[in-house]
Amino acid sequence: MEHPVRGGLREEERVLVSEQSWRPCPKARKRLRGCLEWVKRQLFRVGEDWYFLFVLGVLMATISFMMDLLIFRLYQAHRWLYREVGDILVLKYLSWTMYPMVFAAFSTGFTQSITPHSGGEPAAPQPPTPQNEGTPTIWTPLHPPPGSGIPELKTILTGVVLEDYLAIQNFGAKVVGLTCTLASGSTVFLGKVGAFIHLSAMAAAYLGKMRTSVTRDYENKFKQNEMLVAAQAVGVATVFGAPISGVLFSIEVMSSHFAVRDYWRGFFAATCGAFMFRVLAVFNSEQESIAAIFKSKFEIDFPFDLPETFFFAILGAICGLVGCAYLFCQRWLLAAVRENRLTAKLLATDKPIYTVLVVLLLASITFPPGLGQLMASQLTMKEYLISLFDNRTWGALTPNASAVTDPLGGDPQGLWQEWAHPSATIFGTLAFFVVMKFWMLILATTLPLPAGYFMPIFIYGAAIGRLVGETVALLFPQGLRSEGDLRPIIPGGYALAGAAAFSGSVTHSLSTALLVCEATGHLGHVLPVILAVLVANAITQKHQPSFYDGTIIVKKLPYLPRIRSRHMASYRVVVEEFMECRVVALAKGSGFEEVLVALDASTDAEYPVVES
């Protein structure tokens, strides 16, 4: 028996009446719909990719700029608090250590509670079974990681599905967590490149779904990968303002196989992002015009002498050896932290406590009245690079250190005095920085919070290059030329080469040579920089996997290594040696019984259909 509703109409009839009552003017609506369809066809005549790539670049540039602005304000607040507590040593210590501890703990707890995938680590793989054999591998993140996101993106681009790793729900949590991580300052010594590439990939995945709904096209896996490759270039371009090296870096580091048709997508999106990032700086009165982020003042007429290429090659060899040691120690510590009973328990149940303990140790070491005064610990990450890329020779400026009273007063020319100490030389402070930051950076990579690791190794390499450059300038105060005009050594050029060589060796990339040129706007040292990068890569690639490949190994992510090695024997391997010879196929005219026989004979998910 049917139950009547109000007015004597059934529920279905009432719904139909209500729908018809809210659809007036059918002809006008039809014309409007036709006009919108015509506009969409005209806009998408050149291809819909242009619009979504433009939106991706502008969106990520705006987010990157706003994050930098907020982080700068937070760091200024930390400096103000540190100064206002006065000369009471205990209060200064508490203000120096508690500030980064609070932000780092909040970053860890917030990202893990809101969504573990904002820094998430996929679980161990399940062995193949007859039910899942032949189907795409799906990883479900269980325990959130220390990680930037690049290792997982490399895994995704090889065809493995990391469930919900690129979901837009993770976007807000990672933005907040990354901002809090960077607000901790150079105490934790972490960057934002890798994490921001992950953010760009999440935005690209969401825009890809929007494109599918707007164009009413089916979801294309190749289109998704094209958007992800462009997103990686955008991530680098909107951090350094370097679109060309951003595209090349994304190809070298994250794409096992790169399609040439993706070039224009990457360049277009990266250019839009880098241009928007620089324009926002002009609108905010940070710069008078669009210029490089770390603007240098090197001598353009004669940046280096020809015999100096020998010392640049030595610098590349040093960066390669230090890079091998860094990669080995980082991979060992990451595995040791996961295997140790105490740290593994903390990372499984109380991640904020582990973060607080590590940050407390790092902050205590960098406390300015203590060891921090030998490491220029009051400088920000950007100020580190600006000071290390200084075109002057610090050894000659040290006797005049009292000329400027406030090195942090906003004058970039005075930042070098943070490296000057009354009881130590410039060589001592730079060497102490290199030794201490080696293990401190490795320890920071184990923190379970969203962060990037490219900027720290970039600064670390610049410090190595600066140390070598100051040493060469000390040995040859008048330059290497015995005749003609005096052309003194420029240690800042060695800092450029060191930053590119060490970061390139750790990531197994050559595009860092172009990155330093784009970031500083200086092309005078491009040849010795490339030489140093080549030497460092030749050493590191021979002995150690890259930073991201090593993280993939430790996390046990599914990743297909390069089949072709450098040994000649690998070129004689043919497909016949590992191909599947027994293939179950179906004829075009097969019936139901033949299909059942094929299903019983094989567990494949797909079967080829042939003519006969």
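The values are calculated or read from the model by the stated rules, or taken from the named source; none is laboratory data. Bear in mind that the values here come from a model prediction, so they are computed numbers and not experimental data. Note that each Cβ is placed from the backbone with ideal geometry, even for glycine, and that neighbours are counted across all protein chains shown. With ligands, DNA and RNA removed, areas are computed over all heavy atoms of the protein, side chains included. Shrake-Rupley method; radii C 1.70, N 1.55, O 1.52, S 1.80 Å.
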Worksheet item: Quick one: which of 491-497, 528-534 comes out on top by average Cβ neighbours within 10 Å, and what's the full order, highest first?
Response: 491-497, 528-534
Item to complete: Run the 1.4 Å probe and let me know the accessible area of Tyr206, rounded to the nearest 10 Å².
Response: 110
Discussion item. Order 235-243, 274-282 from most to least packed using the mean count of other Cβ atoms within 10 Å.
Written reply: 235-243, 274-282
Item to complete: Evaluate E = 1/(1 + (r/R0)^6) for Ser423 and Leu306, where r is the Cβ-Cβ distance and R0 equals 30 Å; express this FRET efficiency to the nearest 0.05.
Response: 0.20
Worksheet item: For the pair Cys35 and Glu611, what calculated FRET efficiency results from E = 1/(1 + (r/R0)^6), where r is the Cβ-Cβ distance and R0 = 45 Å, to the nearest 0.05?
Response: 0.40
Discussion item. Give me the one-decimal nm value for the distance between modelled label points at Gln478 and Arg73, 7 Å along each residue's Cα-to-Cβ direction.
Written reply: 5.6
Discussion item. Starting from the 7 Å offset along Cα-to-Cβ, what nm value, one decimal, do you get for the label separation of Tyr82 and Ala335?
Written reply: 3.7
Item to complete: Show me 79-87, 457-465, 385-393, 357-365 ranked by packing, highest mean number of other Cβ atoms within 10 Å first.
Response: 457-465, 385-393, 357-365, 79-87
Worksheet item: If you stretched the chain out fully between Ala396 and Met66, how much longer would it get, using 0.36 nm times the residue separation minus the C-alpha to C-alpha distance?
Response: 114.9 nm
Discussion item. Set the bar at 19 Å for Cα to Cα. Now go through Lys382/Lys555; Lys351/Lys555; Lys345/Lys555; Lys154/Lys437; Lys351/Lys556 and name every pair that lies beyond it.
Written reply: Lys382/Lys555; Lys154/Lys437; Lys351/Lys556
Worksheet item: By the scheme Lys and Arg +1, Asp and Glu -1, what is the net charge of all other residues having a beta-carbon under 10 Å from that of Ile489?
Response: -2
